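See below for the structure under consideration.
The values are calculated or read from the model by the stated rules, or taken from the named source; none is laboratory data. Note that the structure is predicted; figures quoted are calculated from it, not measured. Cβ coordinates were reconstructed from backbone atoms using ideal geometry, including for glycine residues, and neighbour counts include every protein chain displayed. These accessible areas exclude ligands, DNA and RNA; they are computed on the full protein's heavy atoms, side chains included. Shrake-Rupley method; radii C 1.70, N 1.55, O 1.52, S 1.80 Å.
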Amino acid sequence: MYSGKAKDVTLLEDNNVRITFRDSISAFDGVKKEELNEKGRINCKTSVILFELLNRYGFATHYLSQLNDIEMICKNVEIKPVEVVCRNVTAGSFCKRYGVDNGIEFETPIIEFFLKDDDLHDPLVAKEIAIQLGWITKAESTLMESTTRAVNQVLSAIFERISLKLVDFKLEFGSTDEGVLIIADEISADTMRLWEIDTGEIKDKDRYRKDLGGVIDHYKDVLQRLEEIESYPEISIKSTAEITIELKKSVLDPAGEVTLRSLKRKGYQGVEEVRLGKSAKISFSLTPSPNLQEIIKEISDSILSNPLIENYTFDFSSGE
Ligand code: TMP
Ligand code: ASP
């Protein structure tokens, strides 16, 4: 069905897919590549552990089960052409792009969108551009960002338990046949930066990119530490919806008109129209998900607004 730089995807009869992790490793958009013994098995197992963890914390992911050492069964999705990177500490392309030092910790994690296109070297893309060019919808971009922030909260805490700093990572998203957006692809030492907390030693694919050697030994060490975790931390994930409710354009707004007259009386120049609306901020102790997004729509439709005379828009975020 599809053969990528490090994995093959095969469509199964039940419309799920089998993802096969090969021993291939590549960097710089496939320019540098090699076969490393055991890499497929290690990345498969690392992804399995991390996807099972995300499923357990309530994230919607494509992962269903592990089939064997190098294969997992996942839901079939259409992968979005835009990937999301979350950074806790400056490194990699961020330092090159902005000419800043490696290793500066951000106060709030940074989210960036990149276009998945090797020929163009995966350029950084503004959210507004990705939406206007139809690569993702506004609702998808909101869900991608809030989900990635919440995943960061979970993964950072997990890696801290095993003495590793999650510097940055990349997530891919795909939509199911029903149009539901879920986390897809793989999550492994290939798709993140991990530094030893005590020494700063690099434990991820930068070992390969920078010819530091010992790629497989370090990947194996990360996997072994993940396998040895006995209990997972309590993490409180918060999702917040901010809903703005406005009267439809065609509906008269007497209160708005009173305000307009009062502004004019007070001498404010150039005021043309005033429409008064309302807003609501609802916080949930829940993981951001397509399901939660639907619940917020339901609440907005049935309780917060009167669909006959009002329209609403909403924003959705996740943070500590
Ligand atoms: P960057 O610093 O090269 O932009 O990478 C940021 C993070 O995203 C880093 O953890 C590596 C990961 N990444 C991928 O997983 N695949 C890619 O193609 C690229 C460019 C980065
Ligand atoms: N994954 C990309 C490649 O294989 C880029 C990278 O990870 O550096 O070329």
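With respect to the conditions (1) in a loop (DSSP other than H, G, I, E, B); (2) at pLDDT 95 or above, Tyr232 lacks only one, and its number is (2). Put simply, of Ala139, Ala130, Ala91 the only residue that is touching an Asp or Glu at 6+ places or on another chain (Cβ under 8 Å) and surrounded by 15 or more Cβ atoms within 10 Å (Cβ to Cβ) is Ala91. Which condition from (1) away from ligand 2 (no atom under 16 Å from the Cβ); (2) under 25 Å from Ser24 (Cβ atoms); (3) among the basic types (Lys, Arg); (4) in contact with a Ser or Thr (Cβ under 9 Å, 6 or more places away or on another chain) is the one that Lys165 breaks? All conditions are met except number (2). A search for C-beta distances below 7 Å between a residue of region 184-202 that is aliphatic (A, V, I, L, M) and any residue that is more than 16 Å from ligand 2 (Cβ to nearest atom) and assigned to a loop (DSSP other than H, G, I, E, B), counting only pairs 6+ apart in sequence or on different chains, returns Ala184/His62; Ala184/Val77; Ile197/Ser163.
Yes/no matrix, rows are residues, columns are (1) touching a residue at least 12 places away in the same chain (Cβ under 8 Å); (2) open to solvent by 40 Å² or more (accessible area, probe 1.4 Å); (3) more than 27 Å from Gly174 (Cβ to Cβ):
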residue	(1), (2), (3)
Tyr219	yes, no, no
Ala241	yes, no, no
Leu260	yes, no, yes
Ser279	yes, yes, yes
Thr287	yes, no, no
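Among the numbered conditions (1) more than 27 Å from Thr287 (Cα to Cα); (2) in a strand (DSSP E or B), the only one that Ile42 does not meet is (2). Apart from one condition, Glu273 fits all of (1) surrounded by 15 or more Cβ atoms within 10 Å (Cβ to Cβ); (2) more than 16 Å from Asn306 (Cβ to Cβ); the exception is (1). Of the residues that make up region 45-65, is at least one more than 24 Å from Asn291 (Cα to Cα), surrounded by 18 or more Cβ atoms within 10 Å (Cβ to Cβ) and either modelled with pLDDT of 95 or more or in contact with a Gly (Cβ under 8 Å, 6 or more places away or on another chain) (or both)? For region 45-65, residues more than 24 Å from Asn291 (Cα to Cα), surrounded by 18 or more Cβ atoms within 10 Å (Cβ to Cβ) and either modelled with pLDDT of 95 or more or in contact with a Gly (Cβ under 8 Å, 6 or more places away or on another chain) (or both): present. Answer yes or no as to whether Glu234 is among the charged types (D, E, K, R) and under 27 Å from Asn291 (Cβ atoms). Judged against the criteria, Glu234 is a match. Among the residues of region 26-38, those that are out of contact with any Lys or Arg (no Cβ under 6 Å at 6 or more places or on another chain) and either small (Gly, Ala, Ser) or not in a loop (DSSP other than H, G, I, E, B) (or both) comprise Lys32, Lys33, Glu34, Glu35. Scan region 4-46 for residues that are more than 14 Å from ligand 2 (Cβ to nearest atom), over 23 Å from the mean Cα position of the chain (by Cα), over 18 Å from Ile187 (Cα atoms) and touching a residue at least 60 places away in the same chain (Cβ under 8 Å) and report the count. The qualifying residues number 4. Sort out which residues of region 167-180 are more than 19 Å from Arg87 (Cβ to Cβ) and open to solvent by 10 Å² or more (accessible area, probe 1.4 Å), and write them in order of number. Hits for region 167-180 are Ser175, Thr176, Asp177, Glu178, Gly179, Val180.
When each of Arg41, Arg56, Arg97 is tested for being charged (D, E, K, R) and within 12 Å of ligand 1 (Cβ to nearest atom), the lone residue that passes is Arg97.
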